[in-house]
Structure formats: C-alpha cells, structure tokens
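Participant: Could you have a look at this structure, given as structure tokens, before my questions?
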Amino acid sequence: MGGNKRKLIKEQHDIALQNFEKGCEIVAKHPIFDYLYREAIIYRNESFQYPKNGYATVTERGSIYVNPRIRADAEVWVYVISHCLLHLGMGHFKKPDVDKKFWNAACDCVIAKFLADLKLGKPPKELSYSLDGITDEERTYRKISENGITAVGNFSVAVDMCDMNYGDKNNYYFSNNVNWEKLFAMGLSDAVKKSVGVVRGEYASVCDSNKRISMPQRVRDWFVSSYPLLGALAASFKLIEDTEVCQRMHISVAAISAEAQEIYINPSCPLTEDECKFVMAHEFLHVALRHDIRVKWRDPYLWNIACDYVINDWLTDMGVGERPDGLLYDTELKGMNVESVYDRIVTDLRKYRKLATLRGTGYGDIILPSREKSESYVALDEFYRRALMQGLNYCEEQSRGFLPAGLIEEIKALAMPPLEWDVELAKWFDDRFAPIEKKRTYSRISRRQSSTPDIPRPNRYIPQELMEGRTYGVILDTSSSMDRTLLGKALGAIASYSLSRDVNFVRVVFCDAEPYDEGYMNVEDIAGRVKVKGRGGTILQPAVDLLLRDKNFPESAPILIITDAYIDKIVLHGRTHAFLIPQGAQLPFVPKGKVFRID
C-alpha cells in the first residue's frame, strides 16, 4: 500500500512538472515574450527563495523564482511567467521614491489588464479581479495610495506578498546589462509583424513555432526597413538557415549566390546580432558590386580574398554592425580597390591561399554561376546594379550615414558599361599626346580655293618644334610563347592611334633573351611590314635598359610593352609605361603602369 502511495505522489509531481514546462514553452514561443524569456532565468528548486503560498516572484536582474510545490494547469503557468516578464519589460523596477508595496500592486493591475486584453493564459484562482477603471501605473498608484489596495483587489502572482523582489542583490553575470524595455519593444514589433502575416496567410497563428522569426531574419528585416543602400537587395534574397545545407556546401559562417538569389547563414555559428549585420552586409555587397562576374580571368579564390579585404574595410568605416573576429582585414590595404588588392596578393600565393573567407578555407563565399550566362542572369545583373544605384541615390538625398569614397566610386562605375581595351588604349594615347594645333602660313598657298585663284589663302602646317619629342617606345616580347594574333591586334591598334595623333615615328625594340633594336620606325611600317626577330626565351629588362640609356630617346617619351605576361620582373625607374597583355594573363609582379588586356 505504501509503495502505491509513493508512486501516486511521484506521478502527481511529474504531471505538475509537465504542466509547468508546457506553460514555459508556450511563453517562449510567443513573439511578445520571446526576447524577454531568452534573457530571464527561471528557478524551480527547493534551494531557492520562492513565495510559500504564491506562484512566483521576479527580481530586477531577471531571476524568476517559482514555487515547485504548486500544482497548476499549463495555462496558469503561462499567465504567471508572462506576468513576471512584463514587470521587467514594462520597466516597473525603475520607479524611484514610491511605496514599493503600493507600486507593486498598481503594476500588477496594469499587467492583469494587459494579459486579459491579450487573452493569454489563465489567472490563478486566488486572484481577485475587477479591472474596471484601470488605465496606467501612475493613476492606479494614486488610487491605491488614497483608498488602499482593497480598492483595486489582489493581482499579485505571489498571492499574499509582493511579486516584485527588490532584495536580490547578487551580482549575476547573465543579466547585468540587459535592456528589458528594449527587448519588450522588439517583441511587440515582432508580434505586430506576425499578426499581419496571419492576416496575409503567411502564418497559421501568431505563436506558430515553425514560423518563428530568427535573428538572421530580424537582421534582414532591418536592412529592408532601415538601411536603404542594401534594402532592395535584402528584400529580393531568400534567407537559407539550414545546418545540413550549410554542411553540404561547406559554409562555416555565410555565403551568397547571385544566380540563385539566396543568402546562406549557418545557424550553428555563434554570431551576435551586430556581427550578423556585418556578415549579411558583407554578402550583399558581394552581389551588389558584381564580384561574381568581375572575376573574369582571375583566380576565383584569390579574387574572393581580395574582395573580402576591401568590403571589410568599408563596412568597418561605415560602422555597419560589428566585425566578427577572424575576418580578413589589413590596414595596409586600406583605400585600395579590389583589382589593386588582387594584383598584390597574387605575388604571395603560399600565404594568401591559406586564408579563409566566411565560407571557410579554400571555399569562396561568392558562389559563382554554374553555367554560362543566360538571359535571366543578364536581367539579374541589371536588377542588382539598378537596386544599388537607387539605394545610393536615396542615401545621398537623405544624408543617411557615412559611405566611403571608394565604395561610392565603385557603385557609380557599375552604372557605366566597361570600356573595351582598345578604347582604354586610345584614352591612354590622348593623355600623353595632346592634339597639335596647326598654324597658318602664306609661304605656301592653299590649293583648295581653285575657284578663286586670284585670292591668296594660307595653308595649314605643323611647326617642326612641336613634332620634336613626339614619340614613344614599343617593346615587343618575341618569345616562342607569344601569340601572333595578339601581336597583330596590338600593332594594328598602335599604328592607327599613332597616325591619328600625329605621331609619325616610334622607337621599336624586339626582345626575347636579348634585345633587337629596330630604331625609329614609321608607324605605317609597324602595321604589317615589320619583321619579328627572336622567338627565344623571355627577359625584357635588357630592352628597357637599352631605351633608358639611349640619349636620343626623349626622357618624357612613354614606353608600351607588349607581352604574354610570362616574363620576369621589370624595373622602369619611374618612366611612364603601360602593358598590353592577353585577356586572362597575369603579370608576376604588381605593375605600376596601366595594364590593357586584349580580348
């Protein structure tokens, strides 16, 4: 008989615990109390202080002491836990210089009315209810001060004592800096969004656990509502928070796919909300600045590393969230664009290939397209460019935050179509050879006025002094690896641009293992009648030294080097120069002059 009694008591205790845990679970899933519940600590243990005849008390540091001996339905525990959390969220502990007993009673009345309007939980049977005339804490407090607590009734979940415990002075590590009122405001905001979602059919109910807003979802909503530069992009991307998907794709923190319009955040990575803002802005900027298609001929992983350095520098200056520890950041690369950073890091492959992106070591967080560009992908490219430009225009009009000059320059550059190599080369010629203004002279009469030969008209001519020094040097890599098609395109472009800019003679040097000086050649001969010599190895420094030491070669004349990039480092001692190399080639050093890549 004794054994059956003990078994019955144990089953009753188990049912009581199950009801309590079920009530806590309901509160935790409710959007209003989600944030508050995460930070609060609930104790249901005989070793802690709890109201002997009541249900629970709450301290200003977020500790909730529950009576483990009370058996109640789950709905009652929903009411009790919510009641305690609302004391924190409504800032009831911050009221100074009042009668704490009366103030506690006034706060209990306001909370009781709030929960009754919310229709959440079931109040304990010990509470006396008359919510008529209850408005806010201040008015209710004055009413109690004048007429006593009996004028409003008992609404305390501690029943015969105050449920707000001011005596807990322990210095708990977990809740010293918690802003309870801010968490409550965030919960109310989420609840409104959930309610709208229910009306729209997005959620089954406000407390639907399957549709609970995660921290990355809140961050994305923040971009849409509060950060116009990236808001349009954030709204167009699907957020993937799936541990299995991230493991399968080797995503340790985050990645993004412009083609699939998906951003991946690994839920197992411990990020704070500010760190998540930084990470998400990092990924959106990858797409906004079209890093996935600007990679072109470059090594994809090293290009990703270069993009990360530049983006992290900008976001740090902009103060978007907080940069997580371990992200790529180097003050020596500050102010450089992505292409310049890439040219620097490719000179030390052993070092930079060991670095990790947000996706992990050896994997780029820019997920490149798996197929050739289709019409839909081109449409996406135009959408991303337009969205970013609209965001920039809004930020500039409204003066919304600080944007680095380098970022603004890149955004505006995206709105313009890229120049072809020959157009860039023509501009390079224009910068170095200004147009010559021809003069008039009567020493040689113009023959264009044959209809009026009796009227003398001057002819136009170019003064010889203006033509002096109007030349440049061309170094042709004639090694066996050079492509004849490349040589033909380059020489043809050089000849046509030279003639159009009144450059009649060019100093030409062929070079492979040693230089072959052709001297000054007429530009028309370069176009097709030049005889290439050499076709051996590739060492271009002797050709450069030959031109630099030649006293007949003007010091102001630039040097144009045509090569396939399979060369040793060249030192030009400050002389103006440029390189013509094939598309996809990479010089083995950081060039100081302009680089033109021939398609």
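Rule-based calculations on the coordinates, nothing more; no lab input. On a predicted model such as this, the values are computed, not experimentally measured, just so you know. Cβ sites come from the backbone with ideal geometry, for glycine too, and all protein chains shown count toward neighbours.
Participant: Say each of GLU339 and VAL245 gets a label point 7 Å from the Cα, pointing the same way as Cα to Cβ; how far apart are those two points in nm?
Facilitator: Distance between label points: 3.5 nm.
Participant: Could you pull out the pairs from LYS489/LYS551; LYS296/LYS354; LYS354/LYS594 whose alpha carbons sit more than 27 Å apart here?
Facilitator: LYS489/LYS551; LYS354/LYS594
Participant: Let me check I've understood the local charge: for LEU547, count other residues with C-beta under 13 angstrom from its C-beta, Lys and Arg +1, Asp and Glu -1. What total comes out?
Facilitator: Working: positive: ARG507, ARG549, LYS551, ARG575; negative: ASP517, GLU518, ASP545, ASP550, GLU555.
Within the 13 Å Cβ shell, the charges total -1.
Participant: Take every Cα-Cα pair in region 12-186 and report what % of them are more than 19 Å apart.
Facilitator: For region 12-186, the fraction of Cα-Cα distances above 19 Å is 54 percent.
Participant: Here is a further query. Ranked by Cβ crowding within 10 angstrom, fewest neighbours first, how are CYS84, CYS276 ordered?
Facilitator: Numbers: CYS84 30, CYS276 24.
Lowest to highest Cβ neighbour count: CYS276, CYS84.
Participant: Simple spin-label model, 7 Å along Cα-to-Cβ: SER145 to SER214 in nm?
Facilitator: Result for the modelled spin labels: 5.0 nm.
Participant: Rank the residues TRP303, TRP297, TRP428 as a footprinting-exposure proxy: fewest other Cβ atoms within 10 Å of their Cβ go first. Show your work: numbers first, answer last.
Facilitator: Numbers: TRP303 25, TRP297 11, TRP428 18.
Sorted ascending by nearby Cβ count, the order is TRP297, TRP428, TRP303.
Participant: What share of the DSSP beta bridges in region 12-186 is antiparallel, in percent to the nearest 5? Provide the component values of the computation, followed by the final result.
Facilitator: Values: 3 of 8 bridges.
Just about 40 percent of them are antiparallel.
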